[in-house]
Structure formats: C-alpha cells, structure tokens
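Visitor: Structure incoming, see below.
The values are calculated or read from the model by the stated rules, or taken from the named source; none is laboratory data. Not measured: the values here are computed from a predicted model. When we count neighbours, we look across all protein chains shown, and the Cβ atoms used for this are built from the backbone with ideal geometry, even at glycine.
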Amino acid sequence: MSAHPSNRSLLVKLTALAAAMFMFAIFVLPPLYDLFCEITGIGGKTEGAYTAVAVEVDTSRNIEVQFVATNNATMPWDFYPIEERVIVHPGESREVAFYAHNRTGQDMLGQAIPNVLPNNAADYFHKTECFCFNNQPLAAGETAELALVFIIDPDLPASVNTVTLSYTMFDITDRTNVQVSQVQ
Amino acid sequence: MAHGPATLADGWLKYISRWVFTTNHKDIGTLYLWFSFAMFIMGGAFAMVIRAELFQPGMQLIKPEFFNQMTTMHGLVMVFGAIMPAFVGLANWMIPMMIGAPDMALPRMNNLSFWILPFAFAILTSTLFMEGGGPNFGWTFYAPLSTTYAPDTVNYFIFGVHIMGASSIMGSINIIATVMNMRAPGMTYMKMPMFVWTWVITAFLLVAVMPVLAGAVTMMLMDINFGTSFFDAAGGGDPVLFQHIFWFFGHPEVYIIILPAFGVVSQIIPTFSRKPLFGYSSMVYATAAIAFLSFVVWAHHMFTVGMPIAGELYFMYATMLIAVPTGVKVFNWITTMYRGSLTFETPMLFSIAFVILFTFGGFTGMMLSIAAADMQYHDTYFVVAHFHYVMVAGAVFSGTAAVYYWLPKWCGKMYDETMGKLQFWIAFIGFNITFMPQHFLGLAGMPRRYADYGLQFADWNMVSSIGAFMYGGAQILFLYNVIRTIGWGKPTNDPQVWEGAEGLEWTLPTPAPYHTFATPPKLK
C-alpha cells in the first residue's frame, strides 16, 4: 500500500485551494461586497467628506430632504433632527442640525451611521461637513447640536423628488479600536 | 494476506488501540457511521424536545431560551454531525471497494479527519451545560444575533465549527486523491459507479466552501473578541454581509448533503430494477451542473433582505434553472425502474420513497424560489417543511437505504426484512404526518423558530408532533435492527448478496475481508 507518487502533490494543491478559499472569504468577499454596494448604492451608504465644487444651482427643481434619527437598541440619548424636512435646490449648500442630549449620568461615546433612500440617490447626496465623520462624545447630561452641511448633486436622477437621510445612533462607549474612517 | 484486525479476544487495550490508531478505510468508515448515528439520535432527541413543546400552544415543558438552543443545536448536529459524517462513512467504506483500490489514498489523514470530529461535537454540546447556555441564534447563526447578542459560549461554537470544517476538508481531499489516483487499471472516469461520481463532485464542493464557513466564523470571532466590525453597523460593517457569506457556503452545503444521497439511490434503484442505470452520462453531467449552479444562487435564501429587483430576478431564475438537471436525475431514476423486474426490499422502498418525497421537496423549493411569493413564505414553517422534505426524506432516507443495502456486505449477515419494511412504513408515514402539516402551518403564516404559536395553529401542530414521535420511534427500530443483524443476523456468503447488484464491491467475498484489492482487479 505504498503511497501513490501524485497523492502528495494533490494533497498540496487541494490544501492550497482550501487555504485560498479561506483567504477569499475573509479578505476578498467583504471589500467586494462594499464595492458592489457602492456601485449599486444598495446599502444606502453615502460617501465621505465632499469638497464643494462650483456648480450652477438648479433653481428649476425643488428637492425635499427628510431627516430621520433613530437610536440603536439600548442607546439612551435624545436624538432628533431640529428641522424634520427642508426644501433645497440641487447644487445649493445647506446647513441643518440634529439635537443630541445625553440624559444618563455617565460620559458616553456615540456613532451615527447614515443611510440614504432611495438607493439611487445615495451617490448624489454630498456631505461637506457632517458630525457622522467622527464619533460624538457627550459628557453626562451634556447637550449638543450636531451640524450637517450637504449639497444635492444637480445630476440627481429626475425621478427623485424626495430624499430621506436617516441616522442611526450607536452606543460605542464600550468599544475600543473603532475605526471611524471606515464609517462615514 | 496482511494481519487481521485486533478483536476483543486480544484484550481491551489492543481492541481500543485498533480503533484509535486505525488507518483501514473500513474501520474508519464504520467509526464515521456509528458516530453519525449517535449524533442522529442526539439531534433527534433535540427535535423531540422541540415537538413536545410545540404539541400544545403555550409554554409547558421548557423555557423559550432553551427552546432556541434546541432548534439551533438540532440543526447544527443534524447537518454537521449526522448527515455529513454518515455519507463520509459510506464513502470510506465503499469508494475503495467500488474503484478497486486497496484503501484510501491518505490513510493517516483519514484517521485524523475522523478523530477530531468527536472533539468538535463534544465542545459544541458541552455549551448546553455552561452558564449562558448553548448557541441560541439558529443554525444559520446570523450576525448580530451570533455576535453582539450571542451568549459567551459562542466562542466554543466557533471553535467547534472550525474543527468540523477541518475534518470535512481533510476527508474531501482524501476522497479526491483516492478517486483520482487509486482507480484500478481500466476504471475510467466514465466507468465509475454513480456513488463515486457524486462523491468526487461533493468533495470539490466541500474543499471550496468549508473554508468560506471557516472564514465566516473567524470574522465573527474577530468581531466578538478583537474589535473588528465586519458585521457591526456601528463600526461601518454590515450584518447583511454575513448573510451573503453564510449562504455562499450554505447553498453549496445543501448539495453537499444531497449529492451523495443521489449517488446512493443511483446504485440501489438499478439493482432492484435489474436494469443498468438509465442515462449514466447524463447523470454525471447533471450532477456537475447542479454543483456548478449551487455557487451562483445563494441569495435566494435572502430575498427579503432588500435586494434590487434585478438581483431578485437573477437569483430567482438561476434557482429555477437548477430544476432542469435535477429533473434529468428524477427522470432517469424513474426510467430505470420503467419495465424493470422490480422487487421491493427495504433499500428499494427507501429509495423509491426518496424519489417521490425528494421531488415533493423540490417542488416546494420551486415555490420558494419565486421571489414575489417568497416574501410570504420566508421564515415560516413552509420553509421548515420544504427543507425537511429534501434533507430527511432526501438525505436520511437514502442513508438508511444505503445501510440496509450494504450492511450484508459489511458484516456478512442479513438484516430482518420484515423489521426493515416495518421500519420503512413507520418512518414513511411518520415523516409525512410530521412535515406535510407544516406546509399548511407555513402557508397560514406560522413563523419558524418560536417556542409558542397562536391558537389557530394548534391542531396541525399536534398532528405534526404525533408524527414526529412516530418517526423518532422508527429510528429506534432501525438501531435495533442494525445491532440485531450484526449480532444475530442470518449469515450469508453470497458475494453478490442482491440478485441484480453490479459493480466491483459485489465481486468481493461476503463479509468484505479487512484488506481488499491488495492487487488491483481486472476490469472487463
């Protein structure tokens, strides 16, 4: 029952295949998924900080932008938009604010995760300034107005008249090693 | 002839070391089969707990938290502990004998791949006795249930999954190496028995997707313990990513379970029809086509997750496409039986029931593949009924058929045919009483994985539970019949055992000697 000479090479090849699939699952699939979502806009994720470029404001269109704020799971903050909806023209820069109040007795760290609906609007919702780019520390009992400056791209598809921007506030007080750069 | 195996007469120590250190494919096959039967009984006991609690509405026997652990453990133990090792056991026993090889290609790795398995399940099962309880997030362990909200014992679960994945990968590499390198001269690929073909294809699926499962649990491990955010939205990850990765493994996994079952049935039906398998080459190509398609349909498990319409349509049509090669297989089995001189011994009864009930399960699968309709069926008992029709009536029935079919060859003794048939009818009727009503419950809107239900679901749940106890009883009869056969069965020395049986394994003496095909057989 001496081993067939090519058993060893087959063993090596198949083990390499298994190892490659493991690497594929951890290092390729998650970035691929993010890329896919970015291209299709499925996840409703918005892009990072936007540098404003000079564009002509399209006064012929009125876009209603709605703001939704939600607390995730056990997050105890008061968190809501100060204006629930604004009407803007594409190309126009607009500042709005969200109210956040830590009503607990301890210092906390929050992280807001944005989401835009409809999906095909996500790529056209530009944020030049956003509290969601960083995490939000609030001391016990502290109140803050969180600012957001955004521009709707004039290339926004003609079918879209209403854009909803939703923020979910996560409690990340106990988390270490949060990479905010991933978040945006 | 080489030395024989140690028996009890040589003393306990020698007997135990024989099994622990064995590199013999028949010994390892036997170990796999007994292990999987033990897991089958354990997973079955979990199912009995579930059905006992669901016998009546309201909470009677157990707490909802424990119910969740039972559904999770039932799924995990049955899929990874019972069905998969059972078919690996059959592969170990039969593949060398079917292709004229003296043993598996990598016997020491074969030993290792079996012996790490009991540890994996000991680790997994021990969590039930720990503080916080066992895994309670469903066998699909969706994040964040299995990460943010999981009990602390989830790390044991992850380690267990890693070990069983390693075991499966090693077993598969062994099977591929055996089939590619160890075939007797003249045994070309297109002369291999169907069981061997289905297993080679399964083994490739395993090597490709078990590492993806290992990757998924590794990412969970890092999210839980090392502060990464693969699946955590708070850190920029996405829980839906988990579902994509899980089902990228999970859908090929269901074919990993069912393809060897196809192979078994493709051996048994020709024997008892006394005709060669109809459309052998189309069977091979259909199996390969199913395996290929299994990689590109995963998101049909997650139609409700919020996919764009183009994605829903693609996954819907791709899923429906699988019905074509599957239909080829069912057609071939039926055509093999057509105008054959059929006899209905126990293995044949289980195989015919397999064809009928698996086709049922396939049809409900077609219903579920319709994305628009799936919005209603998703996560209801309709899904539970569907996958038990393909897993139990598919994989478990064919595994039972395989044991009855090859048991005389393994131990040289005939099982009790009357008891076998009795077991078949109890199992067949019990199975249908259990799972047929679950279709109705699901269509009426009863969600899966809950410990309690609305009063309108009470009657069919009681019927389903009665059927489940019946089906469970049939397995005890099965165990008794197997033990009785090995101990006190009627001896037989007929190499062929079954009148219509064809293939190399039936040219060997009965019972199969410890070492076979030390010199390769000559093929006609």
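Visitor: Restrict the check to the stretch B:60-70 and report whether at least one residue is loosely packed, with under 15 Cβ neighbours inside 10 Å, in contact with a helix residue (DSSP H, G or I) (Cβ under 7 Å, 6 or more places away or on another chain) and part of a helix (DSSP H, G or I).
Guide: No, every residue in the stretch B:60-70 fails to be loosely packed, with under 15 Cβ neighbours inside 10 Å, in contact with a helix residue (DSSP H, G or I) (Cβ under 7 Å, 6 or more places away or on another chain) and part of a helix (DSSP H, G or I).
Visitor: Let me spell it out: the conditions are (1) touching a residue at least 60 places away in the same chain (Cβ under 8 Å); (2) surrounded by 15 or more Cβ atoms within 10 Å (Cβ to Cβ), and B:Val297 meets all of them except one. Which number is the exception?
Guide: (1)
Visitor: Inspect all residues belonging to the stretch B:124-136 and state whether any of them is within 14 Å of chain A (Cβ to nearest Cβ) and more than 21 Å from B:Val254 (Cα to Cα). Walk me through how you get there before you give the answer.
Guide: Residues of the stretch B:124-136 that are within 14 Å of chain A (Cβ to nearest Cβ), as a first pass: none.
Taking every residue of the stretch B:124-136 in turn, none turns out to be within 14 Å of chain A (Cβ to nearest Cβ) and more than 21 Å from B:Val254 (Cα to Cα).
Visitor: Let me ask something else. Any chance you could count how many residues in the stretch B:110-138 are buried (at least 23 other Cβ atoms within 10 Å of the Cβ) and more than 17 Å from B:Phe46 (Cβ to Cβ)?
Guide: Total satisfying the criteria: 4.
Visitor: Could you identify the single residue in A:Leu109, A:Leu117, A:Leu165 that is within 14 Å of chain B (Cβ to nearest Cβ) and either modelled with pLDDT of 85 or more or on the phi > 0 side of the Ramachandran plot (or both)?
Guide: Only one candidate qualifies: A:Leu109.
Visitor: Let me ask another. Which of the residues belonging to the stretch A:63-110 are surrounded by fewer than 16 Cβ atoms within 10 Å (Cβ to Cβ), part of a loop (DSSP other than H, G, I, E, B) and touching a Leu at 6+ places or on another chain (Cβ under 8 Å)?
Guide: Answer for the stretch A:63-110, where residues must be surrounded by fewer than 16 Cβ atoms within 10 Å (Cβ to Cβ), part of a loop (DSSP other than H, G, I, E, B) and touching a Leu at 6+ places or on another chain (Cβ under 8 Å): just A:Asp107.
Visitor: Out of the stretch B:291-343, which residues are touching a Phe, Trp or Tyr at 6+ places or on another chain (Cβ under 7 Å) and not hydroxyl-bearing (Ser, Thr, Tyr)?
Guide: B:Ala291, B:Val297, B:Trp298, B:Ala299, B:His300, B:His301, B:Met302, B:Glu312, B:Lys329, B:Asn332, B:Leu342 - these are the residues of the stretch B:291-343 that are touching a Phe, Trp or Tyr at 6+ places or on another chain (Cβ under 7 Å) and not hydroxyl-bearing (Ser, Thr, Tyr).
Visitor: Let me ask you something else. Within the stretch A:137-171, track down each residue that is over 19 Å from A:Gln111 (Cβ atoms), touching a helix residue (DSSP H, G or I) at 6+ places or on another chain (Cβ under 7 Å) and not in a loop (DSSP other than H, G, I, E, B).
Guide: Hits for the stretch A:137-171 are A:Ile152, A:Val163.
Visitor: Quick check on this structure: which one of B:Val207, B:Val217, B:Val212 is more than 7 Å from chain A (Cβ to nearest Cβ) and either among the hydroxyl-bearing types (Ser, Thr, Tyr) or assigned to a helix (DSSP H, G or I) (or both)?
Guide: B:Val217
Visitor: Return yes when B:Ile169 is part of a helix (DSSP H, G or I) and within 8 Å of chain A (Cβ to nearest Cβ) and no when it is not.
Guide: Numbers: part of a helix (DSSP H, G or I): yes; within 8 Å of chain A (Cβ to nearest Cβ): yes.
Yes, satisfied.
Visitor: Quick check on the stretch B:172-184. Is at least one of its residues within 14 Å of chain A (Cβ to nearest Cβ), farther than 26 Å from B:Leu259 by Cβ and touching a Phe, Trp or Tyr at 6+ places or on another chain (Cβ under 8 Å)?
Guide: Among the residues of the stretch B:172-184, not one is within 14 Å of chain A (Cβ to nearest Cβ), farther than 26 Å from B:Leu259 by Cβ and touching a Phe, Trp or Tyr at 6+ places or on another chain (Cβ under 8 Å), which makes the answer no.
Visitor: Is there any pair with a first residue in the stretch B:95-120 that is within 12 Å of chain A (Cβ to nearest Cβ) and closer than 17 Å to B:Lys522 by Cβ and a second that is surrounded by fewer than 18 Cβ atoms within 10 Å (Cβ to Cβ) and small (Gly, Ala, Ser) whose Cβ atoms are under 6 Å apart and which are 6 or more apart or on different chains, and what are they?
Guide: From residues that are within 12 Å of chain A (Cβ to nearest Cβ) and closer than 17 Å to B:Lys522 by Cβ, the pairs are B:Pro102/B:Ala518.
Visitor: Another question about this same structure. Being within 30 Å of the chain's Cα centre (by Cα) and touching a residue at least 24 places away in the same chain (Cβ under 8 Å) is the filter; apply it to the stretch B:231-243 and report the residue that is nearest to A:Asn135 (Cα to Cα).
Guide: Of everything passing the filter in the stretch B:231-243, B:Phe231 is nearest to A:Asn135 (Cα to Cα).
Visitor: Considering only the stretch B:220-246, state which residues are at the interface with another protein chain (Cβ under 7 Å from one of its Cβ atoms) and assigned to a helix (DSSP H, G or I).
Guide: Within the stretch B:220-246, B:Ala233, B:Ala234, B:Gly235, B:Leu241, B:His244, B:Ile245 qualify.
Visitor: So which of B:Gly467, B:Gly442, B:Gly473, B:Gly454 is touching a residue at least 60 places away in the same chain (Cβ under 8 Å) and surrounded by 14 or more Cβ atoms within 10 Å (Cβ to Cβ)?
Guide: The conditions single out B:Gly442.
Visitor: Further question: Filtering the stretch B:139-152 down to residues that are under 18 Å from B:Trp298 (Cα atoms) and not hydroxyl-bearing (Ser, Thr, Tyr), which residue is surrounded by the most Cβ atoms within 10 Å (Cβ to Cβ)?
Guide: B:Ala143
Visitor: I've got another one for you. Where residues in the stretch B:270-285 are farther than 17 Å from B:Lys191 by Cβ and more than 24 Å from the chain's Cα centre (by Cα), which of them is surrounded by the most Cβ atoms within 10 Å (Cβ to Cβ)? Don't jump to the end; show me each part of the working.
Guide: So in the stretch B:270-285, the residues farther than 17 Å from B:Lys191 by Cβ come out as B:271-275.
Checking the rest, the ones that are also more than 24 Å from the chain's Cα centre (by Cα) come to B:273-275.
Working: B:Ser273: 23, B:Arg274: 15, B:Lys275: 18.
Among those residues, the one meeting the criterion is B:Ser273.
Visitor: Mind listing whichever residues of the stretch B:2-27 are touching a Pro at 6+ places or on another chain (Cβ under 8 Å) and of a type outside the set (S, T, N, Q)?
Guide: B:Arg18, B:His25, B:Asp27
Visitor: When you scan the stretch B:393-438, how many residues do you find that are over 17 Å from B:Thr346 (Cβ atoms) and either of a type in the set (A, V, I, L, M) or in a helix (DSSP H, G or I) (or both)?
Guide: The total comes to 9.
Visitor: From the list B:Phe230, B:Phe195, B:Phe226, B:Phe262, which one is farther than 23 Å from B:Ile99 by Cβ and surrounded by 22 or more Cβ atoms within 10 Å (Cβ to Cβ)?
Guide: B:Phe230
Visitor: Now a separate question. Within the stretch B:355-363, can one find any residue that is under 19 Å from the mean Cα position of the chain (by Cα), within 26 Å of B:Tyr285 (Cβ to Cβ) and small (Gly, Ala, Ser)?
Guide: Scanning the stretch B:355-363 turns up at least one residue that is under 19 Å from the mean Cα position of the chain (by Cα), within 26 Å of B:Tyr285 (Cβ to Cβ) and small (Gly, Ala, Ser).
Visitor: What do you reckon, is B:Phe231 modelled with pLDDT under 95 and touching a Phe, Trp or Tyr at 6+ places or on another chain (Cβ under 7 Å)? Don't jump to the end; show me each part of the working.
Guide: Working: modelled with pLDDT under 95: yes; touching a Phe, Trp or Tyr at 6+ places or on another chain (Cβ under 7 Å): yes.
So B:Phe231 fits the description; yes.
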